[in-house]
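The values are calculated or read from the model by the stated rules, or taken from the named source; none is laboratory data. Small disclaimer: the values here were computed from a predicted structure and weren't measured. Using ideal geometry, Cβ is built from the backbone for each residue, glycine included, and neighbour counts are taken over all protein chains shown. The accessibility values were calculated without ligands, DNA or RNA, using every heavy atom of the protein model including side chains. Shrake-Rupley method; radii C 1.70, N 1.55, O 1.52, S 1.80 Å.
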Amino acid sequence: MEAEKILKRIVHIEDSDSALDQSKLIGGSPIDSVVFSNIFSDRTKKASKMLYSQFNMETTLAIPYTDQHSNLMKDYVSLLTELKIGKIILKIGTWGINNSFMDPGGFQYQNKKSIQDLQSWISDFKKNHDIPIYLHPIRQLSLSPQLFYKKIITELSDLHIPLSIDLGCVLSDYKNWGTENKKEILGILKGNPLISMFWLSAVRKAGDAYIPCACERVDDEIWDMLGLLTCEDSALILMTDRLSNDSQITADIKKLMNVKGAVPKHEYFN
């Protein structure tokens, strides 16, 4: 794989009082884009506009898909006239506390209409906007790995839209469901050419389960996965949150830029 083949390096920033300062730190690094946890707040809008005006850095817009006619979706799309948006990530599944907009369980049971409505929304969007779209199924940890990776990913793959996967959830699955699932899960992901966006995070224990965690440096096992999964048009999203300190962010960005296939070493690291 030639060095320039990774197309995008993206950093996730949480909506918090630290968002603007973290954005300034990230803006001075060789990153292509940022994605905010909540783009509707005044502080994240300010950070997004600052990144473009000062660093020519676009924002990747993460949209929680509800249904094709929802006012929330229209509100998100309206941001395309206010901010410089380079990519769209449609998050499908549970979003927020007690708000289940599109349960992934519907994909493999009776809810075929959900898929059809999603396809219709994407088709209408593309008629008016020339912006790449990724689909990101929210991983519900109560679902078995087989149900999620085999059935849900297969259903979404039928739409022939690039897919986004949270590798923190993948690593959590190994730990929660047993490492015997590791080879099968990696085989499914590696064998699907549509999976081309990868979220990178740490993993921590919460009660009896392991979950992704953005307040620590990316887990070494996740960096190791990238050598197996990344393809010539991959996008990598580095997770941070309000608790991430400057040293964590800069260390992980440095490692991100040295992923095989990302980019040659940059003067930023000299």
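Some observations on this one:
- Residue selection: Q116 fails the criterion of being in contact with a strand residue (DSSP E or B) (Cβ under 7 Å, 6 or more places away or on another chain), at pLDDT below 90 and open to solvent by 10 Å² or more (accessible area, probe 1.4 Å).
- Taken over region 43-89, the criterion of being among the polar types (S, T, N, Q) and under 20 Å from I237 (Cα atoms) is satisfied by T44, S48, N56, T59, T60.
- Single residue of region 225-247 satisfying the filter (of a type in the set (S, T, Y) and farther than 14 Å from S37 by Cβ) that is most open to solvent (accessible area, probe 1.4 Å): S247
- Residues being assigned to a loop (DSSP other than H, G, I, E, B) and modelled with pLDDT under 95 - total across region 19-59: 10
- Scanning region 47-88 for residues that are in contact with a Leu (Cβ under 6 Å, 6 or more places away or on another chain) and either small (G, A, S) or open to solvent by 40 Å² or more (accessible area, probe 1.4 Å) (or both) yields A47, S48.
- Scanning region 180-200 for residues that are open to solvent by less than 10 Å² (accessible area, probe 1.4 Å), touching a Ser or Thr at 6+ places or on another chain (Cβ under 6 Å), at pLDDT 90 or above and among the β-branched types (V, I, T) turns up nothing.
- Check on I39, under 14 Å from the mean Cα position of the chain (by Cα), crowded, with 19+ Cβ neighbours inside 10 Å, under 28 Å from W121 (Cβ atoms) and not polar (S, T, N, Q): no
- Odd one out for S100 among (1) of a type outside the set (D, E); (2) more than 23 Å from D220 (Cα to Cα); (3) at pLDDT below 90; (4) exposed (fewer than 13 other Cβ atoms within 10 Å of the Cβ): (4)
- Any hit, region 219-238, residues being among the small types (G, A, S), touching a residue at least 24 places away in the same chain (Cβ under 8 Å), closer than 25 Å to A19 by Cα and part of a helix (DSSP H, G or I): no
- Subset of region 135-174 that is part of a strand (DSSP E or B) and either in contact with an Asp or Glu (Cβ under 6 Å, 6 or more places away or on another chain) or open to solvent by less than 20 Å² (accessible area, probe 1.4 Å) (or both) - its residue that is modelled with the lowest pLDDT: P137
- Among the residues making up region 60-71, a single one is at pLDDT 85 or above and either of a type in the set (K, R) or not in a strand (DSSP E or B) (or both): N71.
- Extreme residue, nearest to I165 (Cα to Cα), among residues of region 203-217 that are without any contact (Cβ under 8 Å) to a residue 60 or more places away in the chain and under 14 Å from the mean Cα position of the chain (by Cα): P212
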